[in-house]
Every structure is written in C-alpha cells, then in structure tokens.
4 protein chains.
Amino acid sequence: MRKSVPLLGTLMLAAAAAALEFAEAAASSIKELADPRLIDDLVAANRILYDQGVVDGFGHVSARHDTEPARFLLARSMAPGLVTADDIMKFDLDGDALDPRGRTLYVERFIHSEIYKAYPEINAIVHSHSPSIIPFGATNVLLRPLYHMSSFLGTGVPIFEIREAGGLATDMLIRNPELGAALARKLGTSAVVLMRGHGNVVVGVSVKQVVFRAIYTEINARLEAEALRLGQGEVNFLNAEEAAASSATNNAVLGRAWELWRQRALGGS
Amino acid sequence: MRKSVPLLGTLMLAAAAAALEFAEAAASSIKELADPRLIDDLVAANRILYDQGVVDGFGHVSARHDTEPARFLLARSMAPGLVTADDIMKFDLDGDALDPRGRTLYVERFIHSEIYKAYPEINAIVHSHSPSIIPFGATNVLLRPLYHMSSFLGTGVPIFEIREAGGLATDMLIRNPELGAALARKLGTSAVVLMRGHGNVVVGVSVKQVVFRAIYTEINARLEAEALRLGQGEVNFLNAEEAAASSATNNAVLGRAWELWRQRALGGS
Amino acid sequence: MRKSVPLLGTLMLAAAAAALEFAEAAASSIKELADPRLIDDLVAANRILYDQGVVDGFGHVSARHDTEPARFLLARSMAPGLVTADDIMKFDLDGDALDPRGRTLYVERFIHSEIYKAYPEINAIVHSHSPSIIPFGATNVLLRPLYHMSSFLGTGVPIFEIREAGGLATDMLIRNPELGAALARKLGTSAVVLMRGHGNVVVGVSVKQVVFRAIYTEINARLEAEALRLGQGEVNFLNAEEAAASSATNNAVLGRAWELWRQRALGGS
Amino acid sequence: MRKSVPLLGTLMLAAAAAALEFAEAAASSIKELADPRLIDDLVAANRILYDQGVVDGFGHVSARHDTEPARFLLARSMAPGLVTADDIMKFDLDGDALDPRGRTLYVERFIHSEIYKAYPEINAIVHSHSPSIIPFGATNVLLRPLYHMSSFLGTGVPIFEIREAGGLATDMLIRNPELGAALARKLGTSAVVLMRGHGNVVVGVSVKQVVFRAIYTEINARLEAEALRLGQGEVNFLNAEEAAASSATNNAVLGRAWELWRQRALGGS
C-alpha cells in the first residue's frame, strides 16, 4: 500500500501534466473562436436552461458572434445539459458551420440563422419544447404577462402554424432556410413566438436576457393557465404600459437571477 | 494509527482481489446470458425509467434476446430503480424462466411473453403505472400527440378493459398467458396501449426507442390534459401525416436524449 | 502535519471508544423498549413518509408494541424527517407516555391511542396533512380507487367533521381522548379517514402496509382529481370486487416498494 | 508526493490562520450590527425561503432590529438563496441604509420600511413572487384557509392594486415611500396582502413565524385552487373561530418545522 504511493504520485503528476496541456490547447482553440466570456455565458446558458426545466434532451441556445455580426455560436447536436466549451461551433447566416470537422449539426439551426439575418438587434436565441408553453401553442389562448417577471411578453405573443409555410405533412421541424424565414417573420417585434405542436423561440439582446425570458415564459404559461381556470376566464393581466415599464426595469436586474441559476447549474462561483 | 495502515492495506488488497474475482465470475455469467451491451442497455433502462418518474417501486422493462428471438430478458421481481446486471433473467415466450435459481418472478411477465410472441418486430417493452396516463385509462378521453416529441402516438391509442377478457372481479393484473394475449390483441399496431385502472404498455424496436416513448407518453398525457382544459376541449393535435413524418425523424435522434438520461440515472459517462 | 497524526489518532480512538459506549447504551435502551426491528421499521417509516412528501414538518406515524398490545410506539414531538431510534417513546392506550423524561409529546397522540383501543387488528397508524388529500376533505367529493395501487380505498373513504364532535370553534386538533374516539368511530372498517380542514389518518396491519397505503392515498388523490376534470365527472373506478382482490394481491408485494423507499430515504441497504 | 506534504501542511496552516482572522473580523462586525442570533435567523430565512420555493432569484425577507425598533435588517440587493451574514445591512424607517459602503439596495425596500413604520407589533416581513399565489392576485378569488396550517389567513386576505396608488403605467414595483405606505394601509390587520400582477407580502411577530406563514400561504394557494375545481366552487373553509384558535395553537410549534427547514437549507444542525 505505502510502496505504491510514489508510483501513484508519478502517475498522477503525469496525468495532471497531460490534462493541463490538453486544457491549454482547448483554451487556445476557444479563444480563436470568440470572446471566451461569451462562450462561457453560452455554455452556462445551456446548463441553466436544462437545470431550470426549459430544455430536456432537446432544444438549443445560440449567441451572435461578438465581433462578426454575420456569424453566430451554437453547440454541435447534443443535449444542452451536457454542452461544454469544446462543443461550441461557429455558423454563418445561411446556417452553414464554418469548421464542421465532421460534427453533427442541429437540424433546426435555421431557426437561429434566419432570425439573426432578419433582426440585427437580436443577439441571443433559445429554442425549446418548454412544457407549460406547449398547450398555448395548441389552442388559441393568448400567452400574456400575468405578472411583472414576464412583462417582456407585452400584449401577447404570436403562434407559428407550420402548415401555412410547409403544408399539411411536415415533420414539424424548421429544417430549411425557408421555414426559418417564415418563422422569423411571424416573430415580428415580439420577444417570443410559439410553434404549434412543437415548442417556442425566445429572443433577446444578450445571453443573460434570453435565458431570463425563456425561464419566465415557462413560469408565466403555467401560472396563466392556472389563473384562467381560477378566474373562469376573467384575469387581470399587465396592461401595455405596465408591461413596457416593467420590462425596462427588469433588464437592469438580470444578473441577480443569473448568478443564482449559474451557481445551481454549474456549482462554484 | 500508522501501524494499522499495512494491515489495512493487506485487508484492502484481499478484498479487492475477492471483488475482482466475483466481478469476473459475474461478468462471465452475464456474457453467457446475452450480449453484454444489451444487458447494459436494459439495466440503464430500468434506472432511467425510475429516475424520470415513469416507474416507481413497480413496473418493468424487457428486451427480446439479441440472438434467440424466442427468448427475452427481464429482471427478477424487484423495484426497477435497484436493478443490476446480476438481476437480469432469461425467459421463453410462455413466460417461463430458463434458469430461475429460486428467484421470484414478476407476476405480470405474460405482458412481455405474449407481445413478443404476437409481434416479431417488437424488441423492447415497458409496463408501468406512469402517473399522468392513469386518468386517460379511466376515462374515454383519447390520448393523442400534442407535439412532435410524442408523435409515435399516431392518431391515438387503444384502452384495454380487463373486464372484457377477465370478468368483473380480477385483481387487475395480467397474471396468465390468456390475459397477456388479450392485451397483445388490443395493442394492435399502436406503440402504446392503456390498461384501465392499472397503467399502460409501451413497445418499440429497441430499448432506447421504448424508453424514449415511455417518457414522452407520460409528458404528453400531462400536457394534453392541460391543453384540453385550456382550450375547453378545442385542441390542435398533430395530424396523421405529421405524426408519421415526425416519428420517423425522432428515431434518428433517440441517442441524444438517452445519453443525458443515462448520465443522470447512472452517473459517469 | 505528520507529527499531529499520532495525537489525532489517539483522539480519534478515544472518541470512537466513547461513541461506541454511547451507542451500546442507546442500543441497550432501545432493546428494552421493543423489538429493535420494529423500532428500525418505525424510524424508516418516519423518514420515508417525509422523503415521499406525505409528511412535512408535521404529521406522525406509530406502531402497536410487538409484545404488549395495550402499548404503542411513537416519536417525541418533532419533525418526522429527523426522527432517530432514540426519539421513539412508549405510550399506553390513554395516550400517556410511560417514560416521558421531560420530552414534549405530540398533542394529537390520541389519534393513535383511541384507534388502537377500538381496533385490535390495527398495528400501525399514519396521521398526515398529505397535500393532495386536503381538497377531498374540504369538499364532498368521494376519494375512491382510480387504479390498483390504491385498491385499499375500497368503495370510498369517510370524512371526519370535527364540528360534529367538538363544536364550531375548535383549533382543529384531536387534542383529547373524546375527539380521538369520535375519529376512530368515523374510521370504521375503512383503511383511511379524511379530516375536514386538517388532514387524514391511514391504518394498517403493519408499518410497511401503512406506509404503502399513505403514499398511494396521496397519489390516488392527485390522479383522481385530474381524472374527474379530464372525464368531466365520468370516471371508471375499480369496483368493490376488483378493489378487494387487488388489495389482497398488493399485500404480498409491499416489500418491493419498501426497499426502494428505504434506500432513498436512509441510504445504504 | 510525500515530500509535498509538509509544504502542503504549512500552506494549509497559513490559510487556516488567515481564514480564522477573516472570520473573527467578520464576526466582530456582525456583532456590532445586531444580535448574532437574529442575523443567523435572517440568513437562515433567506436560504429556507429559496429552498422551499417561496422566492427564486428575487424576493426578500427582513427583521426589525432587536434593540433599535426604528431600524430593520435586510440583505443587499441579491438572490436570497446566496445571502450570508456579511450581506445583511441596517436600514432606517425611511428606507435609507445606515452604512451602505457602495452596496446596491433592493429597489423595493420601502415595502419593509413603511410596514415597520405603520405597525409596531410586526417584527419580520417577507416579500415574494411565490408562484401559486400569483393567480389569486390576478383574479377576484379570495385566498382563505383551506386547512389548519394556513389558519393565519383568517377570513381571507386583501389585494393591493397598484393602479389605485400609482396610476395605470407603473413598473409594478414599490419603489418609493408613498407606494409603500399605500401597500401598508391595504395590509391592515391581515397577515398577508396580495399584490396584483406582482406577488405578495407576509408579516409576522418573528422571523420564524413569517417564514412559516410564507411557506403555508404558498401551499394553501395551490390546494385552494385545486379544491375550488374539485368542489366546483363549493369548499368548506375554516370559519373565523377555527382560524383564530388554530393560529394560536400553531404559534407554539413553529420551531418544529423551522428545525427541519433549516437543516435542509443549510445542512448540519
């Protein structure tokens, strides 16, 4: 037992050196991809959205590139809850990967490419099957802000019906630029667009803002459904002015929730 | 304290050697049972279904044998969340265990034997009391695909009423081949059959597919009930063509969710 | 650092010896109280009921003494989730503690004493505010078995209205033998009695059975409420014969769920 | 490996000494702020309310100072789940921080200052967006005690409509003393006041009591909504006398739940 210690020590030192070398190489490659802080935020966003129940094995989150506005960052095709910095890839606005190296791509990357193409002010996008929102996409009940945390929903959000753009027999996915462009048009100036029989898309000016919005859209959907039952259809929503004022206020405190969510999802500080 | 170290070391080495011997014997016995990768998937399926809330202390999951199509693998009678490779047994299509060694068998193993007998293309089966599905079995509300993740539900699933095959005073269990055969007939070409006052059965061509289907059947039931209330009965479901196209698409990405679920339920990679 | 090891070792050995002495004394005292296996089951029951969401900081579970039928075991007044063997006390059927040693008693111990007095076949009792059951106690909707796991509910359970026995201004608690006796009469031959505006009581022939029943009463309440909404009042419950047959069957497999729950709540085996 | 031990030991001793010094300095500064037991309770309250789902990244809890009744304690602006003793600050009844040191303050501290100013008997306040309560604030359905755990709700709680005091275009926040005073008036003698489109405020005579009330207000809201559906509007609530008697009883057992919640949220004893 004691004899094995020096050998074990040597092996551990060698392993540590190898790990360090690998980490340095990886860090260097990440630095070339984009600002490491943006990549760090994007990885955290993937983990947070999983930890908070917005995404499960499916769904994705992207960020517009920090110095190249016609590029965006998105993980390779995988569960968001397992994404690391090494999984982040760079795409152009046609949805093509710039350095694919044989990695599998999300079929629905055109959600991101077409929205970034259409709306220069949008810098971050979440696509999910966030559960409480699905029933709103499948009925004609308007998703509206029940309380100030979801005030970014404004006066209600549009629903994208894929049958209008893709016909009656699609597989429901945004699998080409044309469907992505139709979805982007439906989004308009809203922060959220629902997708009938599928999920939703949330947009924002930053990764932190889009994560905040995705989480509170899910919570609002759950609480609005409950309020509509409780009030038998009579519910007092935020009016347009309250929603606008509150949304501006919330943008100043996004970091307070982000720190908590990040610590929960990733541990440490 | 220090003196005890060499003794402790000796004891630990002896224990390690014994553990290794035991593990080798167990591994050898598992290899004789079936392809170790299939057994590994089946153990993971037991743990995943528990971790995801599809099964609790009850329920079971089986797989058709990889080289002997008239045999299937199923744990001894125990909670799925505690199953290990050593608990997996081999059965024939009459529901008899080939090497029982005194182990207790699931009373309802005939669910598996009769479905494998009737449908050669089915290679994996889950039986559970998945909670959100129970209310659908006890009413005449059709379980249908609300969104693309549950598109395998097609145009809706049948309900098995045990009173038709077993009379008015059963204990609700599929405790003989006759009841198993009646249940298999009710399943037909569907991926899921509900059992009134009991639970449901989900089938698939692989362990990964049947786990995916069992999890999303539970989620769909919860969301469909919610949508029916929200829309006061007016809900826009996937149509038959959308369901078929989407189901084919999903079969290509089962692994993405499986990796996440496996890691959550079993840890490590 | 290395120098401190022998000192640390000495301290640890001394601490270990003291801990052993204390543990032996405690074990001896527990052995005098009742069969250690019964106490172990009762402690596990407290922890399981908390882990499964049947009790929170309040609620209690008792067992009739294994050799003295006019005595029962119940923890001192504390949160069930923190109960250890040392907290278990012995009571007589008037609800008096036999060796109080200044410990605080549950105000509502008369729930237990009066039911044990009235029903010799009952050996274990759970009182809780199990959440999903509260709405049934506050309405006139009958709690009935929706599926075989809750078949012990038979053809439905009675509701205890404290205003009948205690008047219009009680604090809702069973704080004396008279209220306990009235509650015991309302229970009758049922496995469960609801308490309006308060909670419920579940009884059984063993600790394992009463824990099983308490957990599945909670689940049944949640699913029955859901089924009544989904079916708009039309729900197909187990009939009396199915409930009786299924309940007999379940009594043979209580251990399967118990092992899982115990391991979750207490860890180890 | 072995050589590094003495060095490691030295480093660890140095680190431990530094940590001790820091802890002593911090402890000294906390002692000057208020009774350390009150600060400890307030920190625990922050963590418990997060752990129990009453607050998320937002919401706050305060305590009136133990020796200076015109002062209260409240964390700096941050997520309650991350609050430590070092984050607690002292405020006067105008909502001004006495020793701000550049720290960011909660915009809504006037909720606390104005309620402490108006009601000398109140010693602790929770403001949250506790989810199940939001639908009650957005409808005209009265929040009432469904069971004895929430008997402090009495005969029902008032709703604060910010449009009455702040007009039709606020950002929903209590961002000045005038709005705080209007909210305090609406509270009246109730233990809880709902805020339409925002959240609620709970008050108590102690930190332990206000935490108990905040948690059971959330649970009651969930169960009352369920009971109203189940009973189709016909629900048997506690009457005024039952609520008063039960509330007095509960005040004697707050510690039982507190110990459990504290241990869950903070670990250890």
Would you be so kind as to identify which of C:Ala252, A:Val83, C:Val61 lies farthest towards the positive end of the dipole of the protein assembly as shown, taking Lys and Arg as +1 and Asp and Glu as -1 on Cβ and the Cα centre as origin? A:Val83
Which log10 I(q)/I(0) values does region A:139-219 give at q = 0.14, 0.17 Å⁻¹ under the Debye formula, counting every alpha carbon as one identical point scatterer? -0.48, -0.69
Label points 7 Å out from Cα along the Cβ direction at A:Tyr119 and A:Arg163: separation in nm? 2.6
For every other residue with a beta carbon closer than 14 angstrom to the beta carbon of C:Arg229, add +1 if it is Lys or Arg and -1 if Asp or Glu, then tell me the sum. -2
Top of A:Asn200, A:Asn220, A:Asn250 by mean-square fluctuation, Gaussian network on chain A, Cα under 10 Å: A:Asn250
In nm, to one decimal, how far is the modelled label at A:Glu178 from the one at C:Asp35, with both set 7 Å along Cα→Cβ? 7.5
Whether region B:146-269 is rounded, prolate or oblate, judged on the alpha carbon gyration tensor where a/c under 1.5 counts as rounded: oblate
Looking at the axis that maps chain A onto chain D, which chain A residue has the closest Cβ, and how far off is it in Å, rounded to a whole number? A:Arg229, 5
Computed label-point distance, nm, for sites A:Arg264 and D:Thr155 using a 7 Å Cα→Cβ extension: 3.9
Diffusion coefficient in µm²/s returned for region B:50-115 by Stokes-Einstein, Kirkwood Rh over C-alpha pairs, 25 °C and 0.890 mPa s, is 202
Enter the Cα centre distance for the pair region C:120-164 and region C:235-269, rounded to the nearest angstrom. 16
Computed from the beta carbon distance with a Förster radius of 30 Å, FRET efficiency for C:Glu68 and C:Arg101 to the nearest 0.05 stands at 0.95
List the distances, in nm to one decimal, from the label point of A:Arg101 to the label points of the same position in every other copy, shortest first, placing each label point 7 Å from Cα along the Cα-to-Cβ direction. 4.6, 4.6, 6.5
Per DSSP H run of at least 4 residues, take -39500 (n - 2.57); add these up for chain D, divide by its residues and hand me the 222 nm value, nearest 500 deg cm²/dmol. -14500 deg cm²/dmol
Rounded, prolate or oblate: pick one for region D:64-182, where a ≥ b ≥ c are the square roots of the eigenvalues of its C-alpha gyration tensor, a/c under 1.5 means rounded, and failing that, prolate if a/b is larger than b/c, else oblate. prolate
Go from 0 up to the bin containing the longest alpha carbon distance in region D:79-133, width 10 Å each, and give me the % of pairs per bin. 19, 50, 29, 2
For D:Pro69, inter-copy label distances in nm, listed shortest first [label point 7 Å out on the Cα-Cβ vector]: 6.2, 6.2, 8.7
One decimal, nm, nearest first: from B:Val205 to the same residue in each other copy, label points 7 Å out along Cα→Cβ, the values are 5.0, 5.0, 7.0
Cβ-defined net charge surrounding B:Val55, 11 Å radius [Lys, Arg +1; Asp, Glu -1]: -2
Where Rh is the Kirkwood radius over the Cα pairs of region B:222-265, the temperature 10 °C and the viscosity 1.306 mPa s, what D in µm²/s does Stokes-Einstein return? 123
Honestly the protein assembly as shown on the Cα gyration tensor test (a ≥ b ≥ c root eigenvalues; a/c under 1.5 rounded, otherwise a/b vs b/c for prolate or oblate) is just rounded
Only Lys, Arg, Asp and Glu count, each charged at its Cβ (+1, +1, -1, -1), so figure out the dipole size of the protein assembly as shown about its Cα centre, rounded to 20 debye. 1240
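Coordinate-derived values only; no laboratory data. Just so it is clear, the structure is predicted and the values come from calculations on it, not from any experiment. Cβ atoms come from the backbone with ideal geometry, glycine included; neighbour counts cover every protein chain shown.
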